[in-house]
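The values are calculated or read from the model by the stated rules, or taken from the named source; none is laboratory data. This is a predicted model, so every value here is computed, not measured. Cβ placement follows ideal geometry from the backbone for every residue including glycine, while neighbour counts extend to all protein chains displayed.
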Amino acid sequence: MNKPLPQKIGSGERDERTKPDPFLFFEIETDEGSEFVPLPTVLAESAMRQAEAAERTAGALERLVEVLSQAHGVPFRAFGSEDPEAGDMPGASKGPQE
């Protein structure tokens, strides 16, 4: 009887049910085993987490500037601020020194 030949390693064929294309899916290990998540989903979720972290950092920096401004009694104006009542930053120049 003729037996089928074993599959060659690296023949380019793979069972998509057991091991999806690594360039399309990201493998996540869970308690139940491996879970394959589409790579665009992973990238989008990562970008969202980074944006949220950037917002938290910006908020924390704004609060820090407020506290430092109040502690030193110096109004703070961010670079490029259009608020004329915010005051000038000490030591900041509006143009080149002559």
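Is there any pair linking a residue in segment 39-61 that is closer than 29 Å to ASP21 by Cα and part of a helix (DSSP H, G or I) to one that is at pLDDT below 95 and not charged (D, E, K, R), with Cβ under 8 Å and at least six apart or on different chains, and which?
Between residues of segment 39-61 that are closer than 29 Å to ASP21 by Cα and part of a helix (DSSP H, G or I) and residues that are at pLDDT below 95 and not charged (D, E, K, R), the close pairs are LEU39/PHE23; LEU39/LEU24; LEU39/PHE25; LEU39/PHE26; VAL42/PHE26.
In segment 63-98, which residue that is among the charged types (D, E, K, R) and at pLDDT below 90 is surrounded by the most Cβ atoms within 10 Å (Cβ to Cβ)? Walk me through how you get there before you give the answer.
Of the residues in segment 63-98, the ones among the charged types (D, E, K, R) are 63, 66, 77, 82-83, 85, 88, 94, 98.
Right, trim to at pLDDT below 90 and you get 66, 77, 82-83, 85, 88, 94, 98.
Values: GLU66: 11, ARG77: 16, GLU82: 7, ASP83: 9, GLU85: 6, ASP88: 14, LYS94: 5, GLU98: 3.
Selected residue: ARG77.
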